[in-house]
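Written below as C-alpha cells is the structure these notes are about.
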Amino acid sequence: MEKRVTFSSWTIGILFAVPQLLLIFTFFYWPAGQAVYWSLTLQQPWGGGNIWVGLDNFRSILANADYWNSITASLVFAGISTGLAMFIALVLAALTDRQLAGSRLYRVVLIWPYGIAAPALALAFRFILAPEAGFLSVINRMWPGIWDPGLDGADAMASIIVAFSWKYVGYNFIFFMAAFQAIPRSLIEAAAMDGSGVIRRFWDIQFPLITPTIFFLLVINITESFQDSFGIVDIMTSGGPANSTNLMVYKIYSDGFKGLDYSGAAAQSIILMMLIIVLTIFQFRFIERRVHYG
Amino acid sequence: MVERTPFLNFFTHLILFVGFVFCIAPFVVVVIAASHNLRDVNDVPMSLLPGSDFWVNIKTAWVTADLGPKLLNSFIVAGGVAAGKVIISALTAFSIVYFRFPGRMFIFWLIFVTLMLPLEVRIVPTYAVVANVLSPYQTILDVTGLSWLIEKVSGVQVSLSLGLLNSYPGLILPLVATATGTFLYRQFFLTVPDELTEASRMDGAGPLRFFIDVLLPLSRNNMAALGTIMFLWAWNQYLWPLLITTDQSHAMAVTELKQLIPNVGGTPEWHIAMAGTLIVMLPPLLVVVLMQRWIVRGLIATEK
C-alpha cells in the first residue's frame, strides 16, 4: 500500500528518519557486526588486541559437551513451555469466547500475567516450588527428597518451564481472545442452526480461522523462550544444578561476563542468532502453508 | 449462544474456574506469604489465612532492598523508553510513509531487520558500545584514515570517548533502538485518508505542520497503546540493567529482586522476599489493569 499524496522535499523526509537510523546503527548494527568480528578472532579480555582465528571459536564451542548440553536444554525448554503456554491459552480463550455468565471477569483476570516481570514471577515461583517451604514441601514431607530443584536437574527444568509457561499463557490469551472475537458471530450461529455441535463448530470454523494467530504466537513463543527466559533462569536456578538449566542465553551471559571469554560468547551469540533465524524460516516455510488466511 | 448445552456449560465453567485459579494463585500466594512472619511462612504446609505482619514485611523489604530509589529509577527508565519509542517511531514512520526519496525502501528494511535480533543475543558487543558510545565513530574515522588526516592538518589527536555505563542514557538508548513501534505507526498512517494531506497542503501547511497539527493528534490511540506496552516491556527488562548498572544509584527495581532470594543455609526470609516481589510487581500490574483496553488494541495492531 502506498500513499498517493506525499511531500516532495525529500531532505526533510530523510531528516525525520535520522534519529532512528543513528540509534539502530550505534546500538544494533554496530554491535551485531562486532559480534561477527569477535566470533572470528580471539579477543583479549582486558584489551591488548585480538588475533584472527577464523572458525576456531566455533570449532571449540561445538566440540564442548557443555555447549551441546545447553542446546538440548534450550530445545527441551522451548518445546515444552511453548506447547503448554499455547495449549492452555487456546483452551481458555476458546471457552471464554462462549459467552456465558462470568466470561468477562475471566477475560480481565487472565490478562494480568502479561504485566508481571519474569524475574518477579520467578521469585514467586521459586518460593511456591521450594522444597523446604512453600507448597511442594508437603509432598516432600510425605516422600522425603522427591522434589528438589536445587539438586535434581529434571525438577529444576520443570520449575523454569512452569514459570515461563505461566507468563506466556497470559500473553497468548490476549491474542487468542482477539482472534476469536474477530470471527463473525453470524458464521457460528448459521452453523449452529444447520445442526453442527459445539465441537464440530470449533474444528470446522473457529480453528481454521485462528490458524494465523496460532502461527504468529508459535514464532513469538519459541523466539522468546530463547531470550526472555534469562531472568527466570537467573533467579530460579542460575543454570544449575550441574548445568541442567544452563540455557543458551544464560550460557552466553555467564561465559561472556563471568568467564570473560568474549570470543566464545560472541560465537555462541552468532549460533543463537542463526538458530532463531533458521527456526523462524522453518516455521514460515512448513507451518505457514497450513495456515488459512481469511 | 443458540442452543442449550447445560453439560457443556458446566464443563466450560469448570475449566475456566481452574484456569482462573491457576492464573491468580501466584498473586494470592505472594500476598499471603508477604503477610506471615518468619515462622509461619516456613510452616509445612503454609497457612493460607493471611498473617498480621503485612505492613511490617513491606517496610522491611522496602528498606532492605532500598526499593524507593530503585522504583524511581525504574519509572525513569521505563518512562524514557516509552517516550523515546513513541517519538522516534512516529518520526520514522512519517518519513517512510509520506516521502518519496532514494533509499526509502532500504531504510525500511534496515529498520525491519532489527525486529529479528533482540538485545539478548547481541549483549556482549552492545555492552562494549555502551562503555564507549563513540567507539563506532572513532573506528570509522581510524579505518577511513580521517583521524590521521585531521591530526596531520590540525595537530589534534582524535579520540572520541563517552561512557554510558551506570547512566540513564545507557539504560534507555539501547532499549529504544528497536523498530517495534515503527510498524504500528506505519500501518496507522497508511489508513489516514489522502484527502487530509491534500487539504492541509492546499492550506499551505508544510510537512512539519501537517505532522504536528494533523497526524499526531489523529494517532493519540496508537501512542497510548505503544507507550503502555513499551513502559511494561522496559519496566520488566532484567538482563540489560543487570549488566550495565554496577553502581547501586542506577539499579532498577526488577534487578534488586535477586538480593531478596534467601541464601541456602541462611534464615529463609521468604516473607520479606514475597513482600519485595509484591512491591516490584505492583506498578506494571496496575498499568495493565488501568490500560487493559489499550493494550489489547495495541497488541492486535502490532500483529498485523
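Within chain A, which complete DSSP H helices have Cα atoms spanning at least 20 Å along the helix axis and a mean Kyte-Doolittle hydropathy of 1.6 or higher? Please list the in-between numbers first.
On the way: long enough: A:10-24 (21 Å, 2.03); A:65-97 (47 Å, 1.30); A:153-181 (41 Å, 1.04); A:207-227 (29 Å, 1.34); A:262-282 (29 Å, 2.03).
Those that pass (Cα extent of 20 Å or more, hydropathy at least 1.6) are A:10-24, A:262-282.
Here the spin labels are modelled as points 7 Å beyond Cα on the Cα-Cβ line, and at B:Thr139 and B:Gln259 they lie 3.5 nm apart.
Length gain on complete extension for the stretch A:Thr72 to A:Arg59, per 0.36 nm per residue less the alpha carbon to alpha carbon distance? Show your work: numbers first, answer last.
Details: separation 13, 0.36 × 13 = 4.68 nm, distance 1.80 nm.
Full extension of this stretch gives 2.9 nm more.
At a Förster distance of 22 Å, what's the computed FRET efficiency of A:Leu22 paired with B:Thr180, Cβ-Cβ distance as r, to 0.05? Calculated transfer efficiency: 0.80. Here the label points at B:Leu286 and A:Val36, each 7 Å from Cα along the C-beta direction, are separated by 4.6 nm in the simple model. Ordering B:Gly19, B:Ile229, B:Leu71 by Cα displacement along the dipole of chain B toward the positive end leaves B:Ile229 in first place; charges were set at the Cβ atoms of Lys, Arg (+1) and Asp, Glu (-1). Once the Cβ-Cβ distance of B:Ala25 and B:Val156 is raised to the sixth power relative to R0 = 60 Å, the FRET efficiency obtained is 0.40. Please find the FRET efficiency linking A:Phe207 to A:Lys258, where r is the Cβ-Cβ separation and R0 is fixed at 45 Å, and quote it to the nearest 0.05. Calculated value: 0.45.
Sorted by average packing, counted as other Cβ atoms within 10 angstrom per residue and highest first, what order do A:122-128, B:282-288, B:77-83 take?
On the way: A:122-128: 25.7, B:282-288: 18.4, B:77-83: 21.4.
Per-residue mean Cβ counts within 10 Å order the peptides as A:122-128, B:77-83, B:282-288.
Solvent-accessible surface of segment A:189-266, averaged per residue with a 1.4 angstrom probe and all protein chains in place: 34 square angstrom.
Take each residue in A:221-232, count the other chain C-beta atoms within 10 Å of its C-beta, and the mean is 3.
Expressed as a whole percent, the proportion of Cα-Cα pairs in segment B:42-86 lying more than 18 Å apart is 56%.
Inter-part distance, segment B:59-131 to segment A:169-212, computed on C-alpha centroids, equals 36 Å. Under the convention that each Lys and Arg Cβ holds +1 and each Asp and Glu Cβ holds -1, the size of the dipole of segment A:1-149 around its Cα centre is about 560 debye. Taking one quarter of the surface of the C-alpha convex hull of segment B:1-154 gives a mean projected area of 21.4 nm². Bridging of B:Lys258 to lysines at a Cα separation below 21 Å is possible for A:Lys167, A:Lys251, A:Lys258, B:Lys59, B:Lys70, once same-chain residues fewer than 8 apart are set aside.
Taking the Cα centre of the protein assembly as shown as reference, the dipole from Cβ charges on Lys and Arg (+1) and Asp and Glu (-1) amounts to some 1220 debye.
Per residue of the protein assembly as shown, what 222 nm ellipticity follows from adding -39500 (n - 2.57) for every DSSP H run with n ≥ 4, rounded to the nearest 500?
On the way: 30 runs with 396 residues, N = 598.
Computed ellipticity for the protein assembly as shown at 222 nm equals -21000 deg cm²/dmol.
Counting, for every residue in B:97-105, the Cβ atoms of other protein chains within 10 Å of its Cβ and taking the mean gives 6. Taking the longest Cα principal axis of chain B as reference, the axis of helix B:67-98 is set at about 40 degrees. Restricting the calculation to Cα atoms, chain B yields a radius of gyration followed by a Dmax of 25.5, 89 Å.
With both labels modelled 7 Å from their Cα along Cα-to-Cβ, the B:Thr5 to A:Leu15 distance reads 6.1 nm. For the protein assembly as shown, the square roots of the Cα gyration tensor eigenvalues, ordered a ≥ b ≥ c, give a/c of at least 1.5 with a/b no greater than b/c, which places it in the oblate category.
For B:Leu149 and B:Thr267, compute 0.36 nm times the residue count separating them, minus their Cα-Cα distance, and round to one decimal in nm.
On the way: separation 118, 0.36 × 118 = 42.48 nm, distance 6.42 nm.
Between B:Leu149 and B:Thr267, full extension yields 36.1 nm more.
Look at where the Cα atoms of segment A:221-294 and of segment A:49-119 average out, and the two centres are 10 Å apart.
The values are calculated or read from the model by the stated rules, or taken from the named source; none is laboratory data. Quick caveat, the model's predicted, so the values are computed rather than measured. FYI the Cβ positions are ideal-geometry reconstructions off the backbone, even for glycines, and counts take in every protein chain you see. Note: areas computed on protein heavy atoms with side chains; ligands, DNA, RNA excluded. Shrake-Rupley method; radii C 1.70, N 1.55, O 1.52, S 1.80 Å.
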